[in-house]
1. Below 8 Å, C-alpha to C-alpha, sequence gap of six or more: please give me the relative contact order for chain B in percent.
2. Can you work out the FRET efficiency for the pair B:Leu130 and B:Ala78, with r the C-beta to C-beta distance and R0 = 22 Å, to the nearest 0.05?
3. Can you give the extra length, in nm with one decimal, that the chain gains between B:Asp628 and B:Leu197 once fully stretched, where that is 0.36 nm per residue apart less the Cα-Cα distance?
4. Under 5 Å between amide H atoms, partner at least 5 residues away or on a different chain: which partners does A:Arg216 have, H built in plane at 1.01 Å?
5. State, to one decimal in nm, how far the label point of B:Leu777 lies from the label point of B:Leu702, with both points 7 Å from Cα in the Cβ direction.
6. Work out the FRET efficiency for B:Trp572 and B:Tyr638 from their Cβ-Cβ distance, taking R0 = 45 Å, and round it to the nearest 0.05.
7. Hey, can you rank A:23-31, A:188-196 by average C-beta count inside 10 Å, highest first?
8. Can you order the peptides B:390-403, B:232-245 by their average number of other Cβ atoms within 10 Å per residue, highest first?
Amino acid sequence: MLLEVAQLTKSYRGAERTVAVLRGVDLALDAGQTLALTGESGSGKSTLLHLVGGLDLADSGSIRLAGQDVTALDDRGRATLRRTTVGLVFQQFNLIPSLGVAANIAFQARLAGRVDPAHIDRLTRALGLEAHLHKYPEQLSGGQQQRVAIARTLAARPRLVLADEPTGNLDEATADDVLDQMLALVAETGASLIMATHSTRLAARMDRILHLSRGRLQ
Amino acid sequence: MTAAALSALLSHWLRNPVQAFTLVAGLALATALWSGVQAVNLEARASYDAAAATLGEGQFDQLVAASGETLPQASFIALRRAGWLVSPVLEGRLRAGEARIRIVGIDPLTAPMVLSAQARGATGDLAPFLSGTIGLATPDTVARLGDTVQLRLIADAGIAPGTLLTDIGAAQRLLGQTERISRLILAPEQPIDRLPLKDVAADLLLKPMQQATDMGRLTDSFHLNLTAFGLLSFTVGIFIVHGAIGLAFEQRRSMVRTLRALGLPLRRLVLLMAVEVLVFALVAGGLGVMLGYGVAAALLPDVAATLEGLYGAQVNGSLQLRPVWWLSGLGMALVGAGLAAGGALWRIARMSLLASAQPRAWAMQARQARPVKATIATMLLTAAAGLVVWGKGLILAFVLLACLLLGAALALPLILDTVLAGAVRRARGVLAGWFWADTRQQLPGLSLALMALLLAMAANVGVSTMVSSFRLTFVAFLDQRLASELYVTARNAQDSAALQDFLVPRAKAVLPLLSIETQISGLPTALYGARIGPTYTQNWRFLASDTDVWSRVAQGEAVILNEQLARRSGLWLGARVQIAPGVDLPVAGVVGDYGNPIGQAIIAESLFRRLHPEVITLRFGLRSDDPDALRSALIEDYGLPASQIINQSDIKALSLRVFERTFTVTGALNVLTLAVAGFAILMSLLTLAALRVPQLAPAWALGLTRRDLGRLEILRAVLLALLTALLALPLGLALAWVLLAIVNVQAFGWRLPMYLFPIDYIRLFLLALMAAGLAALWPAWRLARIPPAALLKVFANER
């Protein structure tokens, strides 16, 4: 078992009241498995990904990822987890605007100390980015930027990829195209994938689908 | 990991070279202005120290002739025989071409070690010096002397500038003062069994060391002004740096979030960003120090001329590279960068990892911080007002200045925002409405540059008002004090009586200039005996006086004090002053005495002569309807050397020339500070340019041409500069008032009247508007030529 989440809760203090976003979530994921998280806006999909990825702290419950108790890690430990075990793909791409495409792709692998030029080269070709390596993110279309973000994540060989609405900013055809490539590459690297999405069509292409509603998995 | 993170951080500067240039240039300019001014101050102070070391001024008690003349060498011999450890010094001036060189002769065998060390030179051998065939001087002075003197000249950088140090025998020969001495220096330790001074040399006076000339103290006011200007320029520069660093950090918020999301620990990130600032500070500091050298080298000749003219202080006209100056320049660059970056680093360290990365977060933050800034500004301005009423002492006067300037700078964006909000409400037409609203939206990004402009302009108004007020007051003061057409000095005591006999039938009035140094209320004071007549009664203006002041003083019933003595001792009209043991008189008048560091008390000539019969009059002021004829008679009929006669108009002309040099220095600093503020506006506009595109694209899409947008950018910059200038005027006048009425009084004891100079202010307004217009020109030109594709990109869904 790569990931085990048990009785996870998280709430945020709003302007008028405290909002419980996750109310006791249990989840398990095997290595190499892909999982779609669906649910309406505000259902807690992104929050669950943030907690699993060590970007935020849970109120209670436990998360075990690759044998590590994520909820017990301090700030430095969570940073190490993000650098070495988890790969994040965001809806807004979050590329480094001042670095070129090639430098962006290699960036997380450099942070993790796992630079493998052959692997990066394979990813670049698989995602059709060879012609854009000397460009800057602002010179790319949204689909191309998301491909760079996927390449950056996979170049570091994470054991778990967390993708938060990775195709939310793309048109349908481009979204299909990007997801095809991401699934193929995730399978090739042996990583697991959890993808938050609104699209039932895209969710159907995962091994499993879980629906989050009012902070609970259904 | 570190290398990857560093490459990401540095890539921002490579992609935004204008921002990097702003940061380096702002910090370099700030450091340059500060270190340039400090270099000038250090050079001057080093010259004073060299002078003190060469001449023994301020370090030892001295014996001088009561008459103010030179004394015979026989007095020295008599005192040595009576057990006194004294050493003779002869001083005089010698003309070498255009320059006047100060000749100082010492006897190294009897001189205190600190003085004789220079005579010993590097070898420690006194023989060459004692032979009377060599003279020591700075390389500059050696060059100026050429072969004017029959001595072998040896260059020594440790000698005071413009001074030739030689054996006393050689000095007597050069100055034609055989067997004469200017003064005797007393060794700190004297034998207990020495004979009393009055038994050995009754005509000599003991001059304690604290009464000796201290050039550092005399010139403090000048250096204080320079330092204040340097600090203000530095502050303006730091505003630029703060703006550049703040904007760069805000623009990198999304990058910071990504770096952390990808696993870079926060502590490592903050450390790397701090190192980045440190590198910038060192590079910019190094550049700034080099630029500062240029500023100092350009200013030093004028400063040296001003100091010599105003105070007679000799300052080396060429600049030396001093390690302390380099280090202080770099230190200031580091402190400035630290101050500017501290807040930004703190915000990064506290920023939530999941905080949304808004491209204009700094603008929103500025809006959110408005109440805090308003509160701080109000507190600072209230504190300034409180200090005006209750503050005492020089430190609090400077705290008052800091509160006033900082409070006003913080209040500026709030005032401008209120004015622009009013303009939005009153705007007629859609274009005007958009223009005012857009201008208002630009305020957070431009506010630091506008604050810099406000401070620069206020400093200009304040310092110009102060210096010009000083000039007007000083010219009027010279007319009052230098009423006599000619000033003559008798050759010696015997000559004094004969000279008076010669002058009485030829001059309208002969006014002896009698004075002695004494202590009043524990303060060093020059006591003057005045022959009261129309010259005094018609010309002198009092700051405060009784109605019959002159008649009471003439009858020996009252005394007049100068302002600094009256303020420092707390003695005002009616207070009784002890002017000699057992003699106390009421104060009947207080007069302004600008530029004089010590107290002055004026009593009637008759009373003075009764109290100090030993003082012989050597100097006289002469009233005459035909001063040229009187001067000719003195030279041709009486045989007085021309060098003993000074024409009043020459002194005034010299004083005004000195002021012109002072104005050159102040003017240069004014222009530099304003240039820095103009640069701040340029850099702010350039760094904002990229952020402006999404805001301007809709206006372009709705029908404005790119050229229209460019024109409006210039109009906006000029308009904001105009509004800032309008606020800078009252602030500058407040600054001038504080400098004249509070800082001056606390620092030097005298208060200057304040005059207004509207023409100067209008000129400054135009300069500021021009600087803002010029600063906006390039960004506007770039905007006018922006490719339509860049504007269209704003509307693309895939952005």
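The values are calculated or read from the model by the stated rules, or taken from the named source; none is laboratory data. Every value quoted in this text rests on a predicted model; they were computed, and no experiment measured them. Heads up, the Cβs are rebuilt from the backbone with ideal geometry, glycines too, and the neighbour counts pull from every protein chain shown. SASA here: full protein model, heavy atoms, side chains in, ligands and nucleic acids out. Shrake-Rupley method; radii C 1.70, N 1.55, O 1.52, S 1.80 Å.
1. 16
2. On the way: r = 23 Å, r/R0 = 1.02.
The formula returns an efficiency of 0.45 here.
3. Details: separation 431, 0.36 × 431 = 155.16 nm, distance 4.44 nm.
Result: 150.7 nm gained on full extension.
4. Close amide H contacts, sequence-distant or interchain: A:Arg23.
5. That separation, rounded to one decimal, is 3.1 nm.
6. Numbers: r = 44 Å, r/R0 = 0.98.
The pair B:Trp572/B:Tyr638 has a calculated efficiency of 0.50.
7. Values: A:23-31: 16.0, A:188-196: 21.0.
The packing order, highest mean first, is A:188-196, A:23-31.
8. Details: B:390-403: 15.9, B:232-245: 27.2.
Descending packing order for the listed peptides: B:232-245, B:390-403.
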